[in-house]
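Written below as structure tokens is the structure these notes are about.
Every number in this text was worked out from the coordinates using simple rules, so none of it is lab data. As the structure is a prediction and not an experimental result, all values here were calculated from the model. Please note: Cβ atoms are built from the backbone with ideal geometry, for glycine as well, and neighbour counts cover all protein chains shown.
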Amino acid sequence: MRIFVGNLSYETGEQQIQALFANSGSVDSVKVIRDQMSGRSRGFAFVEMADDQQGRAACETLHEQEFEGRRLIVNEAKPQERRSGYAGGGESRGQRREARW
């Protein structure tokens with residue numbers, strides 16, 4: 001089960017999250033999401049737990065629990081929406097706009 005963990009302190013690392021979730025069951029992986037340019041945490045992470053029942057228990061137990069001075073948001077992760085890699089314009093790669101004179 002993939003779990004979203006939000007409202008994390010920017011200093012929180014994978015090890016702290018791993019230890020927090022280990023109380024609810026076996027944790028397969030933890031990934032703190034970081035800004036590509038600065039490398040700084042973006043304040044959220046994803047936790048993978050092999051057992052769905054343990055994952056749901058972790059969500060119920062940890063949601064809105066205070067951790068490192070912040071009230072956590074913990075719930076089952078939604079599937080990632082597919083996004084285009086281009087900003088604005090709505091053009092596809094290789095297409096050109098007609099000149100409008």
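Miscellaneous remarks
- In the calculated pair-distance distribution of region 2-76, the portion above 17 angstrom amounts to 36 percent of the Cα-Cα pairs.
- Likely footprinting exposure, S29, S41, fewest C-beta neighbours within 10 Å first: S29, S41
- Other residues within the sphere of radius under 13 Å centred on the Cβ of R56, judged by their own Cβ, net out at -3 (K and R +1, D and E -1).
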